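Student: What follows is a structure written as structure tokens; I'll ask about it next.
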Amino acid sequence: MSSAAPSAQSTKEKDTSPGRTPAKDMVWIPGGTFQMGSDHHYPEEAPAHQVTVSGFWMDKYTVTNEQFQKFVKVTGYITVAERAPNPADYPGADPELLVPASLVFQKPTQRVDMRDICNWWQYLPGADWRHPEGKGSSIKGREKHPVVHVAYEDVEAYAKWIGKQLPTEAEWEFAARGGLEGADYVWGDELYPKGKMMANTWQGEFPLQNLLTDGYERTAPVDAYAANDYGLYNMAGNVWEWTADWYHARHLPKTCCGSMNPKGGAMEQSYDPNLPAIKIPRKVLKGGSYLCAPSYCMRYRPAARIAQPIDTSTCHVGFRLIVRTKH
């Protein structure tokens, strides 16, 4: 943390919540100015830069299977993973892959080439939010776990139905930090303070060995672990969370003096440069997941960010929502 960085107290606005909570289990995030990103970890998190966000309400928890099930029951909504992809959207694709499916983590039985994520990810027919590990699996007993296997379109549909919005990356990161300016993690600077597990992440040699020190092999209940100083649960680990921002390979500070309520890059800049023939835009995910490990993906930090194609759902991505108010 730079000696020039403002203290946690000075980063928060002095306003209080603007009135009654707009929905159950939401907390007021007062807004303020903070140092977004990091110059000390992965390159896509740089440059660290000053950002100001206005106050907003945020869900304490990620959206649960129980809540999403209610939405589906009322609306009859069918998620992207439950639909067969349109061949016109994927020219040249293997017809056998154009079936209802989603990405599921499969633990290998031996050490694998870590440069190829296909060694532990499988595009599994029949995997969806009701069947997180594919056919034969269910969410029974996991009603209070985060809903997964939701693509961006699914998240937007739920948000519209319930009358909320997705946070921007800046809003999400400010909320996750909970006023801890410059801290590596949402709880401070030590990953395991006094040996205590603070989030649902991977312990052991990824992707081969999960020691389960935190007690969970896959998702955990949305209220597992302590809340941060804003009253938000699981802002690190458990599941990655969708944001509203289009992904760019680096942060795009607006001015030398910071920016107010930034909204990320342009959609056209979000395409994967490694796949120039495939024009699928990507959004920013935040927070890390139960598959993040110190030895492989140390992204259970508020500054961490990755890109996710909007058509793609997986077993380790969920979401939470916000409500913005006019001041």
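The values are calculated or read from the model by the stated rules, or taken from the named source; none is laboratory data. As the structure is a computational prediction, the values presented were derived from the model and not from experiment. Ideal geometry is used to build each Cβ from the backbone, glycine not excepted, and the neighbour counts take in all protein chains shown. Areas reflect the complete protein model, heavy atoms only, side chains present, ligands, DNA and RNA absent. Shrake-Rupley method; radii C 1.70, N 1.55, O 1.52, S 1.80 Å.
Student: Of (1) surrounded by fewer than 20 Cβ atoms within 10 Å (Cβ to Cβ); (2) touching a His at 6+ places or on another chain (Cβ under 7 Å); (3) not polar (S, T, N, Q), Trp240 satisfies all except one. Which?
Tutor: The number of the failed condition is (1).
Student: Here is a further query. Given the conditions (1) open to solvent by 20 Å² or more (accessible area, probe 1.4 Å); (2) in a strand (DSSP E or B), which single one is not true for Lys283?
Tutor: (1)
Student: Name every residue in the stretch 56-115 that is open to solvent by 20 Å² or more (accessible area, probe 1.4 Å), among the polar types (S, T, N, Q) and either within 23 Å of Leu212 (Cα to Cα) or touching a Cys at 6+ places or on another chain (Cβ under 8 Å) (or both), in order of residue number.
Tutor: Selection gives Gln106, Thr109, Gln110.
Student: Moving to a separate point now. Is it the case that Leu232 is modelled with pLDDT of 95 or more and over 19 Å from the mean Cα position of the chain (by Cα)?
Tutor: The answer is no for Leu232.
Student: May I pose another question? Exactly one of (1) assigned to a loop (DSSP other than H, G, I, E, B); (2) of a type outside the set (Val, Ile, Thr); (3) under 28 Å from Glu205 (Cα atoms); (4) in contact with a helix residue (DSSP H, G or I) (Cβ under 7 Å, 6 or more places away or on another chain) is unmet by Trp242. Its number?
Tutor: With respect to (1) assigned to a loop (DSSP other than H, G, I, E, B); (2) of a type outside the set (Val, Ile, Thr); (3) under 28 Å from Glu205 (Cα atoms); (4) in contact with a helix residue (DSSP H, G or I) (Cβ under 7 Å, 6 or more places away or on another chain), Trp242 is out only on (1).
Student: Against the condition within 18 Å of His41 (Cα to Cα) and either basic (Lys, Arg) or open to solvent by 20 Å² or more (accessible area, probe 1.4 Å) (or both), how does Gly182 come out, does it pass?
Tutor: When the stated conditions are applied, Gly182 passes them.
Student: Next question. Considering only residues that are polar (S, T, N, Q) and free of Cβ contacts under 8 Å to residues at least 40 places away in the same chain, which ones fall in the stretch 258-296?
Tutor: The first filter runs over the stretch 258-296 and keeps only residues polar (S, T, N, Q), leaving 259, 261, 269-270, 274, 289, 295.
Correct list: Gln269, Ser270, Asn274.
Student: Quick test for you: out of Trp172, Trp120, Trp161, Trp129, pick the one residue that is open to solvent by 50 Å² or more (accessible area, probe 1.4 Å), touching a residue at least 12 places away in the same chain (Cβ under 8 Å) and aromatic (Phe, Trp, Tyr).
Tutor: Details: Trp172 fails: open to solvent by 50 Å² or more (accessible area, probe 1.4 Å); Trp120 fails: open to solvent by 50 Å² or more (accessible area, probe 1.4 Å); Trp129 fails: open to solvent by 50 Å² or more (accessible area, probe 1.4 Å).
So the residue among Trp172, Trp120, Trp161, Trp129 that is open to solvent by 50 Å² or more (accessible area, probe 1.4 Å), touching a residue at least 12 places away in the same chain (Cβ under 8 Å) and aromatic (Phe, Trp, Tyr) is Trp161.
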